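Report on one structure; see the data block that follows.
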Amino acid sequence: MPNQAQLHFRRRRWPATALPRARRIWLRLPSPPSPPCATPPRRAVKTPVFFSSRRRSSSLPPSPRSCFLPMAWIWMVLAAGAVLLWAISLGRIFSSAAPSCVPLSPQFMPPLRGDRRTRNVMLVVAHPDDESMFFAPTILFLKSKGHNIHILCMSRGNADGLGDTRKEELYHACETLKIPHEQVEVLDHPKLQDGFHEKWDHELVSELVMEHVQLWVIDMIVTFDSYGVSGHPNHRDVHYGIWQGNVEAWELASLNILRKYSGPVDIWLSSLISVSRSKQSIYTLVNSSPSRSYEAMAAHRSQWVWFRRVFVMLSSYTYINMLQKI
C-alpha cells in the first residue's frame, strides 16, 4: 500500500523525469525511458591534397631567427642615424669660433645711447648651480660681446644644509665663467629659502631685484620663464617677481622633455623657431665651447653627482639657450 506522501505526489502528477533517482526509488515510480542509442556518425574521409614542395615550404611559419634579423638591422640603422645627427650638430656648434646668435639681428641688445656700447646685464637665479646648469650659453655669449655680467642668487640652496658650501662653489664656478666675485651676490633671506614646498613672496623678490638693479646700474635682466625650465617652484617665483618690475627682461624658454635631452641636436629646431619668429623677439644663443659649461658645473662639487653629469652631457641647455623677451 502506498503511504500518504506517495499518494500526495501522484495526485500532483509530476513527471518522473523531474525528480532525482533516489526520490524516484523511494516513491517506487518507474524510471524514465532512456533515449535510444544513437548511431555514431561516420567520419568523413578527407581526400589527400598533394601540394608541390614550393607550396609546402611557403606555408611553414617563419623561424624566430629570420624575424629577429630584420628588427636588428632596423635598430642598428636608427642608432647609426642618431649618432650621425649628433655628430653633425656638434660640428655645427664647433664651426663658429665664438658664441653666436641666431638670427643675426641688431634688434637683440642694440647699442645704448651715448658712448656706452656695453650693457650691465644681471642674471637672476634661484639657487647656486643654476647659472652653470642652464644659463652657460647666455653668459658666454654676453661675455664674448664685452657686456658686464652680474649674478644675483636669491638663496644659498640650503635645502640639504649645504648653504655655505654651495655659496663658495658658486664663486668658483664664476671664476670659470670669468665673472668677478664683486659682481656676484648670494642672498639669505629668511622668507626665501630653498625647497620645493617653499612659497616665495613675489613682491619681496621684486623689491630685492630692484635694489640690485639700482646698485649695479643694470640695463637688462635675464632669468627663468614661467615654467622655470625644470618646473621648480623657486624658479617660477623668481620669474613672477621679475615680471612685476619695469626693467628690460629676457627669459630662458623651457623646452619639452624630448628637446631638453636632445643635446646639440636641438640647435636646428631652435634656430628655425628663432628665424621664423624673429618679430616676436626670440633668439637662439649658441655655445661654441660646451666644455666650459661642463667645467663650470663641475665646480659645484657637492652637486656634481652622476645624474647631473649625465644631464649636462645630454641637456640642450649646455649647447644652446633660447631667449625671449618678457
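The values are calculated or read from the model by the stated rules, or taken from the named source; none is laboratory data. This is a predicted model, so every value here is computed, not measured. Cβ sites come from the backbone with ideal geometry, for glycine too, and all protein chains shown count toward neighbours.
So if I check each of I88, I74, I93, which one is at pLDDT 80 or above, more than 15 Å from S262 (Cα to Cα) and among the β-branched types (V, I, T)?
Values: I88 fails: more than 15 Å from S262 (Cα to Cα); I93 fails: more than 15 Å from S262 (Cα to Cα).
Going through I88, I74, I93 in turn, just one is at pLDDT 80 or above, more than 15 Å from S262 (Cα to Cα) and among the β-branched types (V, I, T): I74.
Pull up region 132-153, narrow it to residues that are out of contact with any Pro (no Cβ under 6 Å at 6 or more places or on another chain) and either among the polar types (S, T, N, Q) or within 12 Å of V229 (Cβ to Cβ) (or both), then point me to the one that is surrounded by the most Cβ atoms within 10 Å (Cβ to Cβ).
So the residue we want is S132.
For a quick check of your reading: which helices (runs of 4 or more DSSP H) sit entirely within region 113-207 and have at least 3 residues that are without any contact (Cβ under 8 Å) to a residue 60 or more places away in the chain?
Details: elements: 130-133, 136-144, 163-176.
Counting at least 3 such residues, we get 136-144, 163-176.
Matching residues to (1) within 19 Å of the chain's Cα centre (by Cα); (2) under 27 Å from A82 (Cβ atoms):
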{"site": "Y283", "(1), (2)": "no, no"}
{"site": "S289", "(1), (2)": "no, yes"}
{"site": "E295", "(1), (2)": "no, yes"}
{"site": "F311", "(1), (2)": "yes, yes"}
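Taking region 208-217 as the region of interest, how many residues are outside any helix (DSSP H, G or I) and under 20 Å from K325 (Cβ atoms)?
Filtering region 208-217 for residues outside any helix (DSSP H, G or I) gives 217.
Adding the requirement that they be under 20 Å from K325 (Cβ atoms) leaves none.
Total meeting the criteria: 0.
Residue by residue through region 258-289, note down the ones that are exposed (fewer than 14 other Cβ atoms within 10 Å of the Cβ) and either part of a loop (DSSP other than H, G, I, E, B) or at pLDDT 95 or above (or both).
Within region 258-289, R277 is the sole residue that qualifies.
Please verify whether region 303-323 includes one or more residues that are within 24 Å of R119 (Cβ to Cβ) and in a helix (DSSP H, G or I).
Yes - at least one qualifying residue is present in region 303-323.
So L255 passes all but one of these: (1) more than 15 Å from N321 (Cβ to Cβ); (2) assigned to a loop (DSSP other than H, G, I, E, B); (3) not basic (K, R). Which condition number does it fail?
(1)
Show the residue pairs that are 6+ apart or on different chains and have beta-carbon atoms under 6 Å apart, the first residue being within region 299-314 and surrounded by 13 or more Cβ atoms within 10 Å (Cβ to Cβ), the second being acidic (D, E).
Listed pairs, sorted by first residue: A299/E169; H300/D129; H300/E169; Q303/D129.
With the condition kept exactly as written, say whether any residue in region 218-233 is at negative phi, part of a helix (DSSP H, G or I) and among the small types (G, A, S).
Initial filter on region 218-233 (at negative phi): 218-227, 230, 232-233.
Going one step further and asking which of them are part of a helix (DSSP H, G or I), we end up with 230, 233.
After this cut, where a residue has to be among the small types (G, A, S) as well, the list is 230.
Looking through region 218-233, at least one residue is at negative phi, part of a helix (DSSP H, G or I) and among the small types (G, A, S).
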